[in-house]
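J.: Pasting a structure below so you can have a look.
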Amino acid sequence: MTREIQHFIDGKAFKGKSGQFGDIFNPNTGEVQARVQFATRDEVADAVAGAKKGQAIWAAMNPQRRARVLMKYKMMVEDQMEELAHLLSSEHGKVIADAKGDLIRGLEVIEFACGVPHLMKGEYTESAGPGIDVYSMRQPLGVVAGITPFNFPAMIPMWFMGMALSTGNAMILKPSEKDPSVPVRLAEIMIEAGLPEGVLQVVHGDKTAVDALIEHDDIKAVSFVGSSNIAHYIAQGCTKHAKRFQAMGGAKNHGIIMPDADMDQVVNDFLGAAYGSAGERCMALPVAVPVGKKTADEFVARIKAEAVNLRIGVSTDDTAHYGPVVSAAHRKTIENYIQMGIDEGAELLLDGRGFQLQGHEKGFFIGPTLFDHVKPGMQSYEEEIFGPVLQVVRADTLEEAAALPSNHQYGNGVAIFTRNGLAAREFAAKVNVGMVGINVPIPVPVAYHSFGGWKRSAFTDTNQYGTDGIRFFTKIKTVTQRWPTGDIGDQAFVIPTMN
Ligand code: NAD
């Protein structure tokens, strides 16, 4: 009997009745290890109804008590780190150390959210008029939805949980159907940490479940992370149904290598950022832009010599640099992009296609791939590949190099490697991209800043987490008050002003 992953509704496992399922693979072996239920519209509606009841209880709890649930949660997740990392790795395929990083980056947002009593404070003006005070308060939205991608099955659900729950909302989490077990465990632990039942519900599914959430009147906001076409679809759907949304999309991050960069650091950084997690990160660094022929020749020779020696292994092999990709279908997509690059005239220096790991021949492995002489306009450059494929685009000047990420359809992250502070400063100020690293290959901002790309990497008004997350998951109410003094004044038929 294939193991079945159920929904998690009102504090317990819920066996859905749709008869629709998604396969959960073990990417190391290629075998189906479980199947996940897909929710019907009615099941989504039941989850929302339960969440509405739970939210009323949760919102009435003071913010300090809500924060204490999150504090306990953080400790409980830390206590279960090994078990969670193994579970995550068994469905996603990322190596255990990286799976722990996925959990820890999520926990950092939970940690930030423990400061919610401070973060939700409103503003106050004493005597804004005669005997009149004005103050504002932040209130939760109600029930919100979080829809997450496969590549960070712990971090991204925890971004949403930290921000949405701490501010008094209930949340329906619709995790990726490819690796849903960790999101379910994370929700169970939240209830064990003291969250009232119903406040965090997990429904699994595909487009049907997502559409049901977008269209449901009691869902007040949708936070989404995934590919750009779906992010755009979410943005349009939420606009149509008049809800708030954050919809983060795909990426194609460039790393510009100046002639004065520390090449040892650059090569190290690119190895990890281009090939780590098999390139399945929205903040991966899959495009290198060396400036000048000398820099390019040195970079290409050195990265090729190092990349060819990367160790690809099963995700539990702690000597492996990276594991398999998430599915056979995704491996095929990556391989198609490699063929496209060849057909478009880029120079293939390392070909990861056909890589087989001895004893795991059916696993979804793909070796490190390296292209030189990639050019703007090539489809394999313009689109996101999301695999262990590094593309080198040569540039003659910093201006030419900087124009590449600025003009690209995606604008998630970008990095510049240089010792020239002035050049880096100007680049950071001018580049048309949301997150910039200066000698930092993966500039994912810390939890008390905020995460968000530009252009087709994010259809959104606010960033994820940080104070933007608090703004997104709360609405402001502003109160203008005065207390009777006995002087009732004149009747006023004109709008009150401060004149
Ligand atoms: P995806 O877009 O396929 O899926 C994301 C979510 O959308 C899943 O929950 C999925 O079930 C749902 N979904 C899929 N098809 C749908 C449809 N037709 N209608 C409604 N919902 C649908 O993305 P993925 O493959 O799981 O994740 C990888 C993508 O996510 C990459 O493009 C990556 O760059 C991006 N990503 C972006 C960020 C960011 O912050 N910008 C972070 C992580 C991942």
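J.: Do we have G205 as over 18 Å from the mean Cα position of the chain (by Cα), within 16 Å of the ligand (Cβ to nearest atom), within 27 Å of Q236 (Cβ to Cβ) and touching a residue at least 60 places away in the same chain (Cβ under 8 Å) here? Steps first, answer last, please.
T.: Working: over 18 Å from the mean Cα position of the chain (by Cα): yes; within 16 Å of the ligand (Cβ to nearest atom): yes; within 27 Å of Q236 (Cβ to Cβ): yes; touching a residue at least 60 places away in the same chain (Cβ under 8 Å): yes.
Here the answer is yes, as G205 does meet what is asked.
J.: Let me ask something else. Take the residues in region 94-112 that are touching a residue at least 60 places away in the same chain (Cβ under 8 Å) and out of contact with any helix residue (DSSP H, G or I) (no Cβ under 7 Å at 6 or more places or on another chain); name whichever of them is surrounded by the fewest Cβ atoms within 10 Å (Cβ to Cβ).
T.: Looking at residues that are touching a residue at least 60 places away in the same chain (Cβ under 8 Å) and out of contact with any helix residue (DSSP H, G or I) (no Cβ under 7 Å at 6 or more places or on another chain), I get A97.
J.: With (1) closer than 26 Å to K207 by Cβ; (2) in contact (Cβ under 8 Å) with a residue 60 or more places away in the chain as the list, and A307 as the residue in question, which single condition is left unmet?
T.: Here A307 clears every test but (1).
J.: Within region 294-305, is there a residue that is surrounded by fewer than 23 Cβ atoms within 10 Å (Cβ to Cβ) and closer than 30 Å to G359 by Cβ?
T.: Yes, some residue in region 294-305 is surrounded by fewer than 23 Cβ atoms within 10 Å (Cβ to Cβ) and closer than 30 Å to G359 by Cβ.
J.: On to the next question. Would you call G279 under 29 Å from E399 (Cβ atoms), away from the ligand (no atom under 11 Å from the Cβ) and touching a Pro at 6+ places or on another chain (Cβ under 9 Å)?
T.: no
J.: For region 218-238, what are the residues that are under 25 Å from G54 (Cβ atoms) and either modelled with pLDDT under 95 or hydrophobic (A, V, I, L, M, F, W, C) (or both)?
T.: The answer is I219, A221, V222, F224, V225, I234, C238.
J.: Also: When you check P140 against the structure, is it assigned by TED's automatic domain parsing to the domain that holds P180, within 16 Å of the ligand (Cβ to nearest atom) and in contact (Cβ under 8 Å) with a residue 40 or more places away in the chain, yes or no?
T.: no
J.: Name the pairs: first residue in region 475-499 and closer than 30 Å to T167 by Cα, second residue among the aromatic types (F, W, Y), Cβ to Cβ under 9 Å, at least 6 apart or on different chains?
T.: Short answer, once both residue conditions are applied: T478/Y135; V479/Y135; T480/Y135; Q481/Y135.
J.: Another question, if that's okay. Name the strands (runs of 3 or more DSSP E) wholly within region 42-160 that hold at least 3 residues that are touching a Gly at 6+ places or on another chain (Cβ under 6 Å) and over 22 Å from G205 (Cβ atoms)?
T.: 132-140
J.: Next question. Pairs under 9 Å by beta carbon, first residue in the same structural domain as D217 (by TED's automatic domain parsing) and touching a residue at least 40 places away in the same chain (Cβ under 8 Å) in region 229-240, partner assigned to a helix (DSSP H, G or I) and more than 7 Å from the ligand (Cβ to nearest atom), six or more apart or different chains?
T.: I234/I214
J.: Among the listed residues R41, R35, R68, identify the single one that is in contact with a strand residue (DSSP E or B) (Cβ under 8 Å, 6 or more places away or on another chain) and at pLDDT 95 or above.
T.: Details: R41 fails: in contact with a strand residue (DSSP E or B) (Cβ under 8 Å, 6 or more places away or on another chain); R68 fails: in contact with a strand residue (DSSP E or B) (Cβ under 8 Å, 6 or more places away or on another chain).
Of the residues listed, the single one that is in contact with a strand residue (DSSP E or B) (Cβ under 8 Å, 6 or more places away or on another chain) and at pLDDT 95 or above is R35.
J.: Also: What tally of residues in region 245-264 results from selecting those that are within 12 Å of the ligand (Cβ to nearest atom) and not polar (S, T, N, Q)?
T.: Residues of region 245-264 within 12 Å of the ligand (Cβ to nearest atom): 246-253.
Checking the rest, the ones that are also not polar (S, T, N, Q) come to 247-252.
Residues in region 245-264 being within 12 Å of the ligand (Cβ to nearest atom) and not polar (S, T, N, Q): 6 in total.
J.: May I pose another question? Can E192 be described as among the acidic types (D, E), at pLDDT 95 or above and under 24 Å from the mean Cα position of the chain (by Cα)? Break it down into steps so the answer makes sense when it comes.
T.: Details: among the acidic types (D, E): yes; at pLDDT 95 or above: yes; under 24 Å from the mean Cα position of the chain (by Cα): no.
Criteria not met by E192.
J.: So L348 clears everything in (1) touching a helix residue (DSSP H, G or I) at 6+ places or on another chain (Cβ under 8 Å); (2) within 16 Å of the ligand (Cβ to nearest atom) except one condition, right? Which one?
T.: That leaves (2) as the condition not met.
J.: Is it the case that K178 is over 19 Å from M163 (Cβ atoms), without any contact (Cβ under 8 Å) to a residue 12 or more places away in the chain and within 16 Å of the ligand (Cβ to nearest atom)? Spell out the reasoning first.
T.: On the way: over 19 Å from M163 (Cβ atoms): yes; without any contact (Cβ under 8 Å) to a residue 12 or more places away in the chain: no; within 16 Å of the ligand (Cβ to nearest atom): yes.
Against the criterion (over 19 Å from M163 (Cβ atoms), without any contact (Cβ under 8 Å) to a residue 12 or more places away in the chain and within 16 Å of the ligand (Cβ to nearest atom)), K178 does not qualify.
J.: Could you list all residues from region 120-163 that are of a type in the set (V, I, T) and either within 25 Å of the chain's Cα centre (by Cα) or crowded, with 24+ Cβ neighbours inside 10 Å (or both)?
T.: Just the residues of region 120-163 that are of a type in the set (V, I, T), to begin with: 125, 132, 134, 143-144, 147-148, 156.
Answer for region 120-163, where residues must be of a type in the set (V, I, T) and either within 25 Å of the chain's Cα centre (by Cα) or crowded, with 24+ Cβ neighbours inside 10 Å (or both): V143, V144, I147, T148, I156.
J.: Still on this structure: Using the structure shown, decide if E83 is surrounded by fewer than 16 Cβ atoms within 10 Å (Cβ to Cβ) and at pLDDT 95 or above.
T.: It is true that E83 is surrounded by fewer than 16 Cβ atoms within 10 Å (Cβ to Cβ) and at pLDDT 95 or above.
J.: Right, next: Give all pairs with beta carbons closer than 8 Å in which a residue from region 28-51 that is farther than 27 Å from G142 by Cβ and of a type in the set (S, T, N, Q) meets a residue that is in a strand (DSSP E or B) and at pLDDT 95 or above; count only pairs at least 6 apart in sequence or on separate chains.
T.: Every condition considered, the pairs that remain are N28/H360; T29/H360; Q33/I24; Q33/F25; Q33/N26.
J.: Of the conditions (1) part of a helix (DSSP H, G or I); (2) more than 16 Å from the ligand (Cβ to nearest atom); (3) within 30 Å of D23 (Cβ to Cβ), T319 satisfies every one except a single condition; which number is it?
T.: With (1) part of a helix (DSSP H, G or I); (2) more than 16 Å from the ligand (Cβ to nearest atom); (3) within 30 Å of D23 (Cβ to Cβ) applied to T319, the lone miss is (1).
Every residue, every condition in (1) surrounded by 24 or more Cβ atoms within 10 Å (Cβ to Cβ); (2) β-branched (V, I, T), yes or no:
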| residue | (1), (2) |
| --- | --- |
| E197 | no, no |
| G205 | yes, no |
| V210 | no, yes |
| D218 | no, no |
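J.: Give the residue that is farthest from the ligand (Cβ to nearest atom), with candidates limited to residues of region 221-244 that are assigned to a helix (DSSP H, G or I) and of a type in the set (G, A, S). Break it down stepwise before answering.
T.: Here is the first cut: in region 221-244, the residues assigned to a helix (DSSP H, G or I) are 228-240.
This time we only want the ones that are of a type in the set (G, A, S), so: 228, 231, 235, 237.
Numbers: S228: 6, A231: 7, A235: 12, G237: 8 Å.
By that ranking, first place goes to A235.
The values are calculated or read from the model by the stated rules, or taken from the named source; none is laboratory data. Predicted model only: the values in this text are computed from it and were never measured. A quick note on method: Cβ atoms are made from the backbone with ideal geometry, for glycine too, and the neighbour counts reach across all protein chains shown.
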